[in-house]
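The structure appears below as structure tokens.
The values are calculated or read from the model by the stated rules, or taken from the named source; none is laboratory data. This is a predicted model, so every value here is computed, not measured. Heads up, the Cβs are rebuilt from the backbone with ideal geometry, glycines too, and the neighbour counts pull from every protein chain shown. All accessible areas refer to the heavy atoms of the entire protein, side chains included, with ligands and DNA or RNA removed. Shrake-Rupley method; radii C 1.70, N 1.55, O 1.52, S 1.80 Å.
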Amino acid sequence: MDALNTPQSYAALAGGLAVYLVIRNWLSRRGSDMPRVREAPDGHWLWGHELQAFESPNSQFFLKNSENLGSAYRIKGAWHFQDLNEQNWWKSAILRPIVARIAGRSVVWAEGKEHTRQRQALLPFFTAEQVRSMEEDIKSCSDRIMVKLKDHIAALPPSSHPPVIDILPWTSRVTLDVIGVVGFGYDFQCGDSPAAQIISQTWSAQSMLMTQFPAFVGMKLLQAVPLLSKIPVEALKAQERMRDMIKDLARNVYWEQKGSRAGEEKQGRDLLSRLMRMKDAHGMDLEELLEQMCAFFIAGRETTGTALAFSLLELGRHPDIQSRLRQELLDFGREPTYADIQAAKLPYLDAVCKEILRVYPAVVQVERVALCDDVLPLRFPITTNDGERINAIRVKKDQIVSINAFAINRNKAIWGPDADVYRPERWLDPETLPPSSKLPSGIYGLTSFGLGTRLCLGYRLALLEWKIILCDFVKNFEFTETTEKLETRWSTVLQPYVVGKTEAGPQVPLHVKPL
């Protein structure tokens, strides 16, 4: 035994380990095109390229590398995890626990057969007919927030200029109200109820946390050691608070709607009431029902709220676009209905919203992991390190792949040299749009609502809600940009920040004048 406890023995052991790691790495790459795919420049020795991507405002890291390297390229993962920018299968092992903590073990979290079962159970609740029945509730919520915002402005000290209002809390308030009514049959009172205040504060704190360097390091630690996700540290518990709060709310409403006597249920038209009446037929127990409601709340509230805020920001930046949209709404002569919106009877409104979806996708980045060795077909061929043009990439099992919607939706090879410019007019003439062969298969040829079996279940509701509320904002107020410069960062969804004031949290300051 003493013969093994020598410097020579340790050196031999270290050398053997090094040889083993080299051989294992070589074997893992056999049959893979990863080493041939061009790599983004300037990777850090410890953080790879992931810290650059995390800290880059407006997804500039991905936009720059997509433009220079093509539609697929290799980046170094932190602590030498391998990563690639293209498309693949299931959520990675690090992402699924995060989704479970935020949105529960819902359809957003599920994969494979479990995802198919949950999706099939929920599809009947998001048909065109069901969404049409929500129109009246959405309009009622919108009308209330318009009155409340006017009252708020009227109570401000008189000024020769329209006041500066952070419009983001107002768009979040109205979408919270909508989710409360159509989801739970619950009134959040224009964001003034105690529950609404707690939800708003919790979400803001979580959004800020997710954009800070410690959050990045924590994510990388969890990626390296997934078991750490089971340790009850404060940052992880914070992700669960919103989920538990929404589940408690749904649980309370559930028992209220069950009635004081057995078998006496109220026939509400909100999603929770409908799920309650049909949950047994779909093999859904109470816990799953509550987690589906949590996912509906998380996915539906902030995504539509930020889309509204980005819409008003761009209208404030482009008075000509705002005036044209307002005139279209006035010329229409009545409140648009679900049928009007579906039939695109307000074409400029449609174009304004499509362009926001393109320029500001709510879910910026998605990770997937290869379940087995496979081949990724490429819509656009890439050039390898050795100069060969290839239109497919062989990947090995467990390869992590990252999809950046920001870079895809602003790809100049598809959308032209003004791909970074907000220009709704591009949608008015189908002949000037990119051919479908160049576009993803998602809604409007964008990745903003997901693709395939991951297409957002509630996209019809999101579009109806967004357009009804946007119409009311434009008809009731005039918006003008301030001197503040804004940039976007991605936490749970794409968020707007004032440059140099990120510590104040997401915000969209605008001059707002009642009409």
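Data for the structure
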{"read-out": "Filter result for the condition that a residue is closer than 19 Å to Arg324 by Cβ, open to solvent by less than 30 Å² (accessible area, probe 1.4 Å) and of a type in the set (Lys, Arg), over Lys467, Lys513", "value": "Lys467"}
{"read-out": "Test: residue in segment 359-366 that is open to solvent by 70 Å² or more (accessible area, probe 1.4 Å) and in contact with a strand residue (DSSP E or B) (Cβ under 7 Å, 6 or more places away or on another chain)", "value": "no"}
{"read-out": "Residues (at pLDDT 70 or above and either crowded, with 16+ Cβ neighbours inside 10 Å or closer than 22 Å to Arg489 by Cβ (or both)) located in segment 40-53", "value": "Ala40, Asp42, Gly43, His44, Gly48, His49, Glu50, Leu51, Gln52, Ala53"}
{"read-out": "Listing of helices (runs of 4 or more DSSP H) fully contained in segment 108-207 that carry 1 or more residues being in contact with a Pro (Cβ under 7 Å, 6 or more places away or on another chain)", "value": "135-154, 167-178"}
{"read-out": "Sole residue being within 26 Å of Tyr338 (Cα to Cα), of a type in the set (Ser, Thr, Tyr) and either part of a loop (DSSP other than H, G, I, E, B) or modelled with pLDDT of 95 or more (or both), chosen from Thr492, Thr447, Thr480, Thr453", "value": "Thr447"}
{"read-out": "Any hit, segment 62-80, residues being modelled with pLDDT under 75, part of a helix (DSSP H, G or I) and within 17 Å of the chain's Cα centre (by Cα)", "value": "yes"}
{"read-out": "Among the residues listed as Arg274, Arg301, the single one being open to solvent by less than 30 Å² (accessible area, probe 1.4 Å), closer than 30 Å to Ala344 by Cβ, modelled with pLDDT of 80 or more and basic (Lys, Arg)", "value": "Arg301"}
